[in-house]
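Q: Below you'll find the structure I mean.
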Amino acid sequence: MTKKTIKLAVFSAKPYDKKYLSEVADRFPGAVEVFFYDFALKPKTTSVAKGVDAVCVFVNDDLSAPVLQALHEAGVRAVLLRCAGYNNVDLAVAKQLGIFVANVPSYSPESVAEFAVALLQVLNRHIHRAYNRVRDGNFNLQGLVGTTLHGKTVGLVGLGKIGFAFARILHGYGCRLLAYDPFPNNAFLELGEFRSLEELLSECDIISLHCPLTEQTRHIINDSSLAQMKKGALLINTSRGGLIHTKSVITALKKGQLGGLGIDVYEEEGDLFYKDHSGDIIQDDQLMRLLTFPNVVVTGHQAFLTEEALVEIATTTFQNLHDLITGQECRNSLVKN
Ligand code: NAD
């Protein structure tokens, strides 16, 4: 890409994306003209990319084969993900079409890890229920008995940057830490021990998911893995919704096999999250059933949402574009053409 002014279309752009991306774009060497669209990239919206050089997308944008094909025909040569996960991109097709794809592999892992701990604390000490009661003038404590995290066994499924940050925090709480990762990092041995997934499931009071969504990890939490967990264990997912088979967790919650669920991500979040549906009849019966449990806390994929992360995301996104424009090797490139 050697044009003088690069045209960049940013999809699923929220006001905070505009703020941080615009600030970084202004400081960026080279001319980039940025167009912000608040709607997602999907088959119906590819036409707005006509004549742009690159698109910038987020977790729920659709970069399946037909979308990539349409982008290519529209003249798009680069896909800049402003997130770490890339399960929504057909990388094989991007490679065939010669489309550059780069992600932001790391942006403040502490932002997500601290949020996972917050979800765990809210769930464990019933803060979501206490908040609503107090606002209603009800100061009764019945039903709000919690447990300490100190002394509990916490299992991490996936021990990368976020899992490690989560482990460091919970080590400070005095938890016993176990981890399952097919590519174990021995630096963890200062904080805890590795286990097989089966051992981890049966030994832990709390399980937190920090692995990517892949064909191997899709529905890693299912009827069978839930049955292997300790009765009453808490499950936290700040990673990707598809790691959990939702119907199975609903059954496990109804039976009391699962003691509580804190999720920032949901399998079918694509059409719901990041939008205001407060006046709508939400058609997703599984999500609505989850919201009826007193021991379920759901947030709308916001674990990353800190000032620190937004600055890092914007900076790395523009650095990836800069590497492409200047012909430098991009260390965040996901497609080696
Ligand atoms: P990372 O690549 O640093 O770590 C992922 C770890 O998972 C690696 O150590 C890898 O070996 C391990 N892993 C791979 N396959 C596995 C399997 N089958 N079982 C167990 N572990 C496996 O990634 P990260 O930066 O720690 O991010 C983890 C995930 O968090 C991302 O993939 C993304 O989906 C999610 N995320 C969510 C948010 C949010 O806002 N909720 C923000 C950022 C990232």
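The numbers here are math on the coordinates, done by the rules we state, and not lab data. From a predicted model like this one, the values you see are computed outputs, not experimental measurements. So basically every Cβ, Gly included, is an ideal-geometry build from the backbone, and we count neighbours across all protein chains shown.
Q: Can you compute the equivalent ellipsoid semi-axes for the chain, i.e. the square root of 5 times each eigenvalue of the Cα gyration tensor, sorted largest first and rounded to whole Å?
A: Sorted largest first and rounded, they come to 37, 22, 19 Å.
Q: Setting aside same-chain residues fewer than 8 positions from Lys255, which lysines have a Cα under 24 Å from its Cα?
A: List returned: Lys152, Lys230, Lys231, Lys247.
Q: Quick one: grab the alpha carbon gyration tensor of the range 7-54, order the square roots of its eigenvalues as a ≥ b ≥ c, and give me rounded if a/c is under 1.5, else prolate or oblate depending on whether a/b is larger than b/c.
A: Note, shape of the range 7-54 comes out oblate.
Q: What is the gain in length, in nm to one decimal, between Glu215 and Lys44 on full extension, counting 0.36 nm per residue of separation less the C-alpha to C-alpha distance?
A: So the extension gain works out to 58.9 nm.
Q: A follow-up question, please. What trypsin sites (Lys or Arg not before Pro) in the range 48-83 are in a loop by DSSP, with at most 14 other Cβ atoms within 10 Å of the Cβ?
A: Those satisfying the criteria are Lys50.
Q: Could you grab the relative contact order for the range 141-214? Cα pairs under 8 Å, six or more apart, rounded to a whole percent.
A: 42
Q: Modelling each spin label as a point 7 Å along the Cα-to-Cβ direction, I'd like the Arg289/Arg331 distance in nm, to one decimal.
A: 4.6
Q: Using the reciprocal of the averaged 1/r over all distinct C-alpha pairs, how large is the Kirkwood radius of the range 127-276 in Å?
A: Across the range 127-276, the inverse of the average 1/r is 16.4 Å.
Q: Along the Cα-to-C-beta direction of Ser278, a point sits 7 Å from the Cα; which residues of the range 116-138 have their amide N less than 20 Å from that point?
A: 128-137
Q: First measure r as the distance between the Cβ atoms of Ala31 and Ala65, then evaluate 1/(1 + (r/R0)^6) with R0 = 45 Å and state the FRET efficiency to the nearest 0.05.
A: Plugging the Cβ-Cβ distance into 1/(1 + (r/R0)^6) gives 0.90.
Q: Give the lysines whose C-alpha is closer than 20 Å to that of Lys275, dropping any in the same chain fewer than 8 places away, or say none.
A: Reachable lysines: Lys14, Lys18, Lys19, Lys42, Lys44.
Q: Rounded to two decimals, what is Rg over Rh for the range 287-337 when you use alpha-carbon atoms and the Kirkwood radius?
A: Rg/Rh for the range 287-337 comes to 1.29.
Q: Identify, among Val298, Leu258, Ile244, the residue whose Cα sits farthest towards the positive end of the charge dipole of the range 216-304, taking +1 on the Cβ of Lys and Arg and -1 on the Cβ of Asp and Glu, with the dipole about the Cα centre.
A: It is Leu258.
Q: In addition: What percent does the relative contact order of the range 185-242 come to when contacts are Cα pairs within less than 8 Å and at least six residues apart?
A: 46
Q: Output wanted: per-residue J couplings in Hz (rounded whole) for the range 238-255, from phi through Karplus 6.51 cos²θ - 1.76 cosθ + 1.60, θ = phi - 60°, x for Gly and Pro.
A: 10, 9, 9, x, x, 5, 10, 7, 4, 4, 5, 5, 4, 4, 5, 5, 4, 7
Q: Can you tell me the relative contact order of the chain? Whole percent, Cα pairs under 8 Å, sequence separation 6 or more.
A: Reported relative contact order: 18 percent.
Q: Calculate how steeply helix 109-124 sits against the longest principal axis of the alpha-carbon atoms of the chain, using the helix alpha-carbon long axis, and give the answer as 0 to 90 degrees to the nearest 10.
A: Orientation of helix 109-124: about 30 degrees from the principal axis.
Q: Now a separate question. Would you give the gap between the C-alpha center of the range 1-69 and the C-alpha center of the range 285-312, rounded to a whole Å?
A: Computed from Cα coordinates, the inter-centre distance equals 25 Å.
Q: Mind pulling the per residue volume of the convex hull built on the Cα atoms of the range 36-165? Å³ is fine.
A: Each residue corresponds to 161 Å³ of Cα convex hull volume.
Q: Can you tell me what percent of all Cα-Cα pairs in the range 246-337 are more than 24 Å apart?
A: 47
Q: Translational D (Stokes-Einstein, µm²/s) of the range 24-95 at 25 °C and 0.890 mPa s when Rh comes from the Kirkwood sum over C-alpha pairs?
A: 192
Q: Another question, then. Write down the Kirkwood hydrodynamic radius of the range 219-263, to one decimal in angstroms, obtained as one divided by the mean of 1/r over all alpha carbon pairs.
A: For the range 219-263, the Kirkwood estimate is 10.2 Å.
Q: Any chance you could check the Cα centroid distance between the range 127-156 and the range 157-174 for me, in angstrom?
A: 22
Q: Averaged over every viewing direction, what's the projected area of the C-alpha convex hull for the range 138-215? Give it in nm², one decimal, please.
A: So the Cα hull casts an average projection of 7.0 nm².
Q: Let me ask you something else. Straight-line reach from Lys7: which aspartates and glutamates have Cα under 16 Å away, leaving out those fewer than 8 places along the same chain?
A: Candidates past the 8-residue exclusion: Asp26, Glu33, Asp53, Glu73, Asp323.
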